[in-house]
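The values are calculated or read from the model by the stated rules, or taken from the named source; none is laboratory data. Not measured: the values here are computed from a predicted model. When we count neighbours, we look across all protein chains shown, and the Cβ atoms used for this are built from the backbone with ideal geometry, even at glycine.
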Amino acid sequence: MKLFAPILFLICFTISSVSGQTDGAKEGFKISPIDSTAKATQLKNLKLSPVKGLTNKGIKPFINYTALPDAFKKKSGVDMTSKSTLVQPSWDIKQKFGEDQKEISKFSKDFYLGDLKTKSKTVVIKCRDHEYVDGDRIRLMHNSAIIHPNITLSGSYYSVQIDLNEGFNSIDFVALNEGTSRPNTAELKIYDEDGVLLSTNQWLITTGYKASLIIIREK
């Protein structure tokens with residue numbers, strides 16, 4: 001019995017110590033709930049120190065300034081702020097066209113373009129509006145026969161080849177209108193079968209009148 005009593009006491013003391021450690025362990029591992037709002041606020045207010053690199057070394061710009069010599073400091077004598085006294089260029093247009101005239105009664109008659117002689121069997125007639133291109137139209141006739149009933153004159157030459165009769169040939173250009181700028185105007189060029197220029201002329205006529213050319217074909 002004397003031996004059993006100390007052993008029993010030792011057993012009871014050991015059990016009591018283990019029980020106390022277990023309760024202490026339970027309290028030591030107690031986990032408190034996480035406050036997500038507080039954590040987010042802390043992360044938001046967290047300020048990180050900037051990392052110094054190539055872009056934030058704080059390099060100050062440096063300008064290599066050299067003062068100008070006194071020779072360059074002299075005034076040029078030209079005041080760029082003053083009003084210019086230069087005369088503005090102007091041109092007077094002295095050229096007067098034959099068209100768009102108020103008095104055109106002097107063109108209300110037939111116009112004779114002249115006569116020429118050639119041994120060529122054919123001629124090439126070229127005509128164009130050499131002034132205002134305003135829609136002038138003509139009728140081309142050879143010995144009273146209509147070669148072309150309605151030619152609109154443009155800025156480019158209109159070409160027509162005509163076979164000539166032996167002897168007398170009358171070429172007529174009848175004004176069908178006067179376009180938008182009176183009177184009817186045209187430039188005329190005549191070439192032989194070899195491309196040689198035989199004649200050149202111009203006309204200004206009113207509607208219904210004609211410009212006539214006489215060609216004599218020689219043998």
Can we say residue 131 is assigned to a loop (DSSP other than H, G, I, E, B), within 14 Å of residue 211 (Cβ to Cβ) and in contact with a Ser or Thr (Cβ under 8 Å, 6 or more places away or on another chain)? no
Which one of the conditions (1) part of a strand (DSSP E or B); (2) at pLDDT below 95; (3) surrounded by fewer than 17 Cβ atoms within 10 Å (Cβ to Cβ) does residue 219 fail to meet, given that it meets all the rest? (1)
Within region 192-207, work out how many residues are in a loop (DSSP other than H, G, I, E, B) and either acidic (Asp, Glu) or within 17 Å of residue 103 (Cα to Cα) (or both). 4
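Matching residues to (1) touching a Pro at 6+ places or on another chain (Cβ under 8 Å); (2) assigned to a strand (DSSP E or B); (3) surrounded by fewer than 14 Cβ atoms within 10 Å (Cβ to Cβ):
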position	(1), (2), (3)
135	no, no, no
149	no, yes, yes
159	no, yes, yes
162	no, yes, no
190	no, yes, no
Subset of region 137-147 [of a type in the set (Gly, Ala, Ser) and either touching a residue at least 40 places away in the same chain (Cβ under 8 Å) or surrounded by 14 or more Cβ atoms within 10 Å (Cβ to Cβ) (or both)]: none
Could you list, ordered by first residue, the pairs with Cβ atoms under 7 Å in which the first is in region 165-180 and outside any strand (DSSP E or B) and the second is modelled with pLDDT under 95 and surrounded by fewer than 13 Cβ atoms within 10 Å (Cβ to Cβ), at least 6 apart or interchain? 166/219
Working only within region 177-200, note down all residues that are within 36 Å of the chain's Cα centre (by Cα) and basic (Lys, Arg). 182
Can you find a residue that is under 37 Å from the mean Cα position of the chain (by Cα), under 15 Å from residue 113 (Cα atoms) and of a type outside the set (Val, Ile, Thr) anywhere in region 167-176? no
